[in-house]
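Q: One structure follows; several queries about it will come next.
The values are calculated or read from the model by the stated rules, or taken from the named source; none is laboratory data. In this text the structure is predicted, and so the values were computed from the model without any measurement. Virtual Cβ from ideal backbone geometry, glycine too; neighbours counted across all protein chains shown. When the accessible area is computed, the model is the full protein with side chains, heavy atoms only, and any ligands, DNA or RNA have been set aside. Shrake-Rupley method; radii C 1.70, N 1.55, O 1.52, S 1.80 Å.
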Amino acid sequence: MSLNEPYDPDNIFAKIVRGEMGCVKLFETDDILAFMDVFPQSKGHCLVIHKKAEATNLFDIDDSALAELIGAVRKVAGGVKAGLKPDGVRIVQFNGAPAGQTVFHLHFHIIPIYEGETLGRHGDGGPAAAETLEPVAAAIRAAL
Ligand code: AMP
């Protein structure tokens, strides 16, 4: 999918926002949703999206919605930092399939980095069970 594709309201994250698909939630407001990545690259890998901005990528969102979204990214990353005590936190965002984007609803990845642990590859590996994600999510939530 190129950088200029129109927004597809049937993408996976839009279905999560509408409640048609489940997720392990971390944080939610009228506009923002943060949830665990089901194919985590490290313990605590999570995603933050804007629920109302129908943006395929970074180039489609207006400045005020983006400001709200990035503020939420920092808040959730703070919860990851305090709740999981990683050695580093990587914030990643892909635009267009050639850049690595696989879900075409703008999102930011928050990926905790633990020294000495190899990071899983983006878009690779098996899905984590909700029972595995839930205790990690609980630690993040408690620190938000
Ligand atoms: P990207 O490749 O940047 O578009 O990232 C999409 C991310 O969404 C990947 O890290 C996937 O592991 C993750 N993902 C895909 N489907 C789901 C889902 N149903 N719930 C949570 N995360 C998902």
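Q: Could you work out the relative contact order of the chain, using alpha carbon pairs under 8 angstrom and six or more residues apart, expressed as a whole percent?
A: The normalised contact order for the chain reaches 33 percent.
Q: Consider a paramagnetic label point 7 Å from the Cα of Ile70 along Cα→Cβ; state which residues of the range 32-60 have an amide N under 19 Å from it.
A: 32-34, 47-60
Q: Can you tell me the length gained on complete extension of the stretch Phe59 to Glu115, counting 0.36 nm per residue apart and subtracting the Cα distance?
A: Stretched out fully, the Phe59 to Glu115 stretch lengthens by 16.8 nm.
Q: Across the Cα atoms of the chain, what radius of gyration and what greatest pairwise Cα-Cα distance (Dmax) are found, in Å?
A: That works out to 14.4, 41 Å for Rg and Dmax.
Q: Highest mean first, how do 44-52, 86-94, 126-134 rank when packing is the count of other Cβ atoms within 10 Å averaged over residues?
A: The densest-packed peptide leads the list: 44-52, 86-94, 126-134.
Q: Expressed as a whole percentage, what fraction of the accessible surface of the range 1-52 belongs to carbon and sulfur atoms when a 1.4 Å probe is rolled over the protein heavy atoms?
A: Here carbon and sulfur together make up 53 percent of the probe-accessible area.
Q: Another question, if that's okay. Relative to the longest principal axis of the C-alpha atoms of the chain, give the angle of the C-alpha long axis of helix 63-84, reported between 0 and 90° and rounded to the nearest 10°.
A: Around 10 degrees separate the two axes.
Q: Using Cα centres only, tell me the gap between the range 101-144 and the range 27-50 in whole Å.
A: 8
Q: Using modelled amide H (1.01 Å from N, peptide plane; none on Pro or chain starts), what sits under 5 Å from the amide H of Leu106, excluding residues fewer than 5 places away?
A: Here the answer is Ala55, Thr56, Asn57, since their amide H atoms fall under 5 Å of that of Leu106.
Q: Same structure, new question: Excluding ligands and nucleic acids, what accessible area in Å² is computed for Met1 using a 1.4 Å probe, to the nearest 10?
A: Approximately 90 Å² for this residue.
Q: Roll a 1.4 Å probe over the protein chains and send me the accessible area per residue for the chain in Å².
A: 52
Q: Average projected area of the Cα convex hull of the range 66-129, in nm²?
A: The Cα convex hull of the range 66-129, projected and averaged over all directions, gives 5.4 nm².
Q: Compute the angle between helix 130-142 and the longest alpha-carbon principal axis of the chain, please, reported from 0 to 90 degrees and rounded to the nearest 10.
A: In the chain, helix 130-142 runs at an angle near 90 degrees to the longest axis.
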